[in-house]
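The values are calculated or read from the model by the stated rules, or taken from the named source; none is laboratory data. For clarity, every value in this text was computed on a predicted model and none was experimentally measured. When we count neighbours, we look across all protein chains shown, and the Cβ atoms used for this are built from the backbone with ideal geometry, even at glycine.
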Amino acid sequence: MWFGSFDDSDFETYSGLGFAHSRNGSSWTKNDQNPIFEPALGVKGEQLGLSTGAAVLEVNDIYHLFYGGVDENGQRVINHATSQ
């Protein structure tokens, strides 16, 4: 499961994305390296942080992260990052 860590900004953005896994769907273990992904506040589309709706897709051993960001104007945008 991918999840966001909420901050208290005016735009209700996330301070990072974390990962947890479960074998039974009811007991979850958070990854020791959380947050896995943090906003790069100087990058277009992430100036004010991350937003809801992260999705991860694995294709040929490369992870594709599609995630919402909040730009310098407070507009929510869709961003894409890969593991390689």
> Among the residues of segment 12-68, how many are of a type in the set (Val, Ile, Thr) and modelled with pLDDT of 95 or more?
Replying inline: 3
> Which one is farthest from residue 1 (Cα to Cα), of the residues in segment 22-66 that are polar (S, T, N, Q) and surrounded by 10 or more Cβ atoms within 10 Å (Cβ to Cβ)?
Replying inline: 47
